[in-house]
Every structure is written in structure tokens, then in C-alpha cells.
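Inspection log for the structure reproduced underneath, given as C-alpha cells.
The values are calculated or read from the model by the stated rules, or taken from the named source; none is laboratory data. Computed from a prediction, not measured in an experiment: that's the story for all the values here. Reconstructed Cβ throughout: ideal geometry from the backbone, glycine too, with neighbour counts over all protein chains shown. Heavy atoms of the whole protein, side chains included, go into the accessibility calculation; ligands, DNA and RNA do not. Shrake-Rupley method; radii C 1.70, N 1.55, O 1.52, S 1.80 Å.
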Amino acid sequence: MTTVDDILQLIEPSDRLRIVKDGKDLFVGYVGAYKLDSEKQLQDTFGSCEVKKFRAVPELRHKDWKKRGLASPLKPDETPDYYFADLQSTLYYTIHI
């Protein structure tokens, strides 16, 4: 059985992480934020959960998503890493538990 903690040993603190269960986001943020949780609530909650699926999922959104009434990025308050003309791209390592 592979656990969330097993996967997190393989990716970098600066990588973006998304933990999903039953189609609902349980955690969206940087691996470093997950690992630096001082009260270890995240690790206690998710660390030993069995990983059902692990994927690298690119998120592509229009940079003017709000003005155009389009779907928002997972973290809309963050500046995108790169712009491709009118699109912004972010890569999330997505763990399904």
C-alpha cells in the first residue's frame, strides 16, 4: 500500500499539491506548506491514507477568468507562474485518496 506520506517523499516542497477524496479538494497548496504544518494536523489527517491514484495535472485558465465569468483557478489569489498569451498554467501533483 502506498500512502500520501510515501508520495510526498518523492516530490519537492516547492511543488504544488492537491489532495482529493470523493471528488472534493481536501488540501490545495504547496508541498512545503503541507510539510511545515506545525501542529502536524495535515500529516495526522492524510499521511497514512492509501493513495488510489497519483497524477501530475496541469491547470489552464484564461488570465481574465473573473471578467469573463469563467471557472476560477484552484488558488485564484496567487500570481500565475507563466502566461501563454491569454492563458495561465499551473501544475499540481494530484493525489486521490
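Taking amide hydrogens as placed 1.01 Å from N in the peptide plane, the amide H of L26 sits under 5 Å from those of I19, V20, K21, each at least 5 positions away in sequence or on another chain. For the chain, dividing the convex hull volume of the Cα atoms by the residue count gives 103 Å³ per residue. Here the chain has 49 percent of its accessible surface on carbon and sulfur atoms, given a 1.4 Å probe and all protein chains in place.
Estimated from helical segments only, the mean residue ellipticity of the chain at 222 nm is -3500 deg cm²/dmol, where each DSSP H run of four or more residues counts as -39500 (n - 2.57).
Using a Gaussian network for the chain with springs between C-alpha atoms less than 10 Å apart, which of these wobbles most: P13, P76, P58? Of the options given, P76 has the highest mean-square fluctuation. Solvent-accessible surface (1.4 Å probe) assigned to S48 amounts to roughly 80 Å². Each label point was placed 7 Å from the Cα along the Cα-to-Cβ direction; for K21 and K63 their separation is 3.8 nm.
Just list whichever of K24/K52; K24/K75; K53/K75; K21/K53; K21/K75 have alpha carbons separated by over 20 Å in the model shown. In this structure, K53/K75 exceed 20 Å between Cα atoms.
For the chain, the solvent-accessible area of protein heavy atoms averages 66 Å² per residue (probe radius 1.4 Å; ligands and nucleic acids excluded).
For I11, the solvent-accessible surface with a 1.4 Å probe is about 20 Å², rounded to the nearest 10. In this label model, K75 and A33 are separated by 0.5 nm, measuring between points 7 Å along each Cα→Cβ vector. Both radii are taken from the alpha-carbon atoms of the range 1-56; with Rh as the Kirkwood radius, Rg/Rh is 0.91.
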